[in-house]
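Q: Below are the structure tokens for one structure; questions will follow.
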Amino acid sequence: MKRVIFIFVLFFIIVTAKAQYELQFGQLIKTIEFINPGYNAVQNEISGTLLYNNQWNGFPGSPNTGAASFHMPFPRKHFGIGALFLSETIGLRDLQTAAFSIDADVRLANEMYMTAGILGGYQLIDYHIEDGNTAYLESVSDIYNYGAPIAGAGLNLFYQNFHIGGSAYYQFAPGESNFVNLLTVYANASYWLKFSADWRFKTMGLFKSHGINSSIMEAGAFLLFKDWLWLGGSYRLGASAIVMGDLKVTNYMRVGYSYMVDAGELANFTGNSHEIQLHFTIPRKNRNLLSNR
């Protein structure tokens with residue numbers, strides 16, 4: 001156990017760099033596969049997630065985010081491969097991301113697993129100022145419109161009903177872009193209690209750091225009925241309150257929805273946010289879902 005703790009501490013100490021990898025999700029606290037490339041390593045089902053977020057509904061230039069992830073495990077070999085695609089529009093800025101990942105799991109003890117994953121991809125950033133007719137706007141376009149590779153890594157520890165994870169992302173922005181951002185780091189934890197054969201209660205926490213002026217601290221709680229229904233919500237400190245629901249429609253598909261109410265300084269000026277999520281799986285016989293999503 002001391003070795004596991006040491007690995008987690010070392011992972012966060014050595015990662016100090018520049019990056020741009022921010023996601024505008026409402027269900028971020030329970031959609032860990034989008035922020036941690038090692039999270040799905042304990043799953044033995046082929047799975048995929050589609051997500052769309054309309055933030056600050058009715059506010060001009062509000063963020064609109066669409067994302068898709070896919071994961072194919074090879075349980076007997078204890079590794080898997082995945083892909084992630086992201087499209088986001090905020091004001092005049094468009095961001096497109098495509099990335100691929102590989103993950104692996106290691107049994108440390110009875111009911112204790114560690115998983116790790118790495119991700120590599122490419123981002124395109126484009127500011128739509130082509131209607132501008134001044135030399136200044138053209139120079140801004142040349143500086144801030146660029147493409148750059150991204151890299152990420154994630155670690156997770158699963159022990160009985162407890163999960164803790166961390167990840168970090170780095171963007172290799174070209175020097176001529178004048179784009180300076182700090183490393184994006186995520187940390188999350190969850191624990192669930194079993195009330196009966198049908199009912200469970202799950203608590204979650206999330207932290208994100210993207211420089212001094214961009215961070216998230218969030219806590220949430222959910223009531224689960226078997227693997228069919230999630231109901232609950234979360235609160236992002238000084239930012240928003242989020243209500244979430246998740247329903248298993250068939251053995252192959254789940255549908256999730258979240259409604260976010262702003263509670264920060266912009267609450268009087270921005271609208272509320274809506275998000276819908278579809279999660280697909282191809283069940284295997286004798287499946288064993290270790291992570292209890």
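Q: Residue check, Ala135 against (1) modelled with pLDDT of 90 or more; (2) more than 27 Å from Arg236 (Cα to Cα); (3) open to solvent by 30 Å² or more (accessible area, probe 1.4 Å), all met but one. Which one?
A: Answer for Ala135: the failing condition is (1).
Q: Still on this structure: When the residues of the range 88-110 are narrowed to those that are polar (S, T, N, Q) and in a strand (DSSP E or B), which ends up nearest to Glu45 (Cα to Cα)?
A: Ser101
Q: Turning to a different aspect of this structure: Please work out which residue is farthest from Asp94 (Cα to Cα), limiting yourself to the range 142-181 and to residues that are over 26 Å from the mean Cα position of the chain (by Cα) and at pLDDT 55 or above.
A: Gly175
Q: When only residues in the range 23-74 that are surrounded by 20 or more Cβ atoms within 10 Å (Cβ to Cβ) and among the charged types (D, E, K, R) count, which is modelled with the highest pLDDT?
A: Once the filter is applied, the top-ranked residue is Glu33.
Q: Among the residues of the range 195-210, write down those that are within 13 Å of the chain's Cα centre (by Cα) and over 18 Å from Arg236 (Cβ atoms).
A: None - no residue of the range 195-210 is within 13 Å of the chain's Cα centre (by Cα) and over 18 Å from Arg236 (Cβ atoms), so the list stays empty.
Q: Please determine whether any residue of the range 203-221 is among the β-branched types (Val, Ile, Thr) and closer than 17 Å to Gly26 by Cβ.
A: Yes, some residue in the range 203-221 is among the β-branched types (Val, Ile, Thr) and closer than 17 Å to Gly26 by Cβ.
Q: Residue under question is Met217, and the condition is that it be open to solvent by 70 Å² or more (accessible area, probe 1.4 Å), out of contact with any Cys (no Cβ under 6 Å at 6 or more places or on another chain) and either modelled with pLDDT under 95 or charged (D, E, K, R) (or both); does it hold?
A: When the stated conditions are applied, Met217 passes them.
Q: I'm trying to understand the selection: among the residues of the range 76-103, which are closer than 17 Å to Tyr52 by Cα and among the charged types (D, E, K, R)?
A: The answer is Glu88, Asp94.
Q: Would you please list the contacts, defined by Cβ atoms under 6 Å and residues six or more apart or on different chains, that run from a residue in the range 266-285 that is under 22 Å from Met244 (Cβ atoms) and modelled with pLDDT of 90 or more to a residue that is open to solvent by 90 Å² or more (accessible area, probe 1.4 Å) and not in a loop (DSSP other than H, G, I, E, B)?
A: Ile276/Tyr52; Ile276/Tyr257
Q: In addition: Restricting the range 84-108 to residues that are within 17 Å of the chain's Cα centre (by Cα) and among the small types (Gly, Ala, Ser), which is surrounded by the most Cβ atoms within 10 Å (Cβ to Cβ)?
A: Ser101
Q: In the range 220-237, which residue that is open to solvent by 30 Å² or more (accessible area, probe 1.4 Å) and over 20 Å from the mean Cα position of the chain (by Cα) is modelled with the lowest pLDDT?
A: Within the range 220-237, the match that is modelled with the lowest pLDDT is Asp227.
The values are calculated or read from the model by the stated rules, or taken from the named source; none is laboratory data. This is a predicted model, so every value here is computed, not measured. Using ideal geometry, Cβ is built from the backbone for each residue, glycine included, and neighbour counts are taken over all protein chains shown. Accessible surface areas use protein heavy atoms only, side chains included; no ligands, DNA or RNA. Shrake-Rupley method; radii C 1.70, N 1.55, O 1.52, S 1.80 Å.
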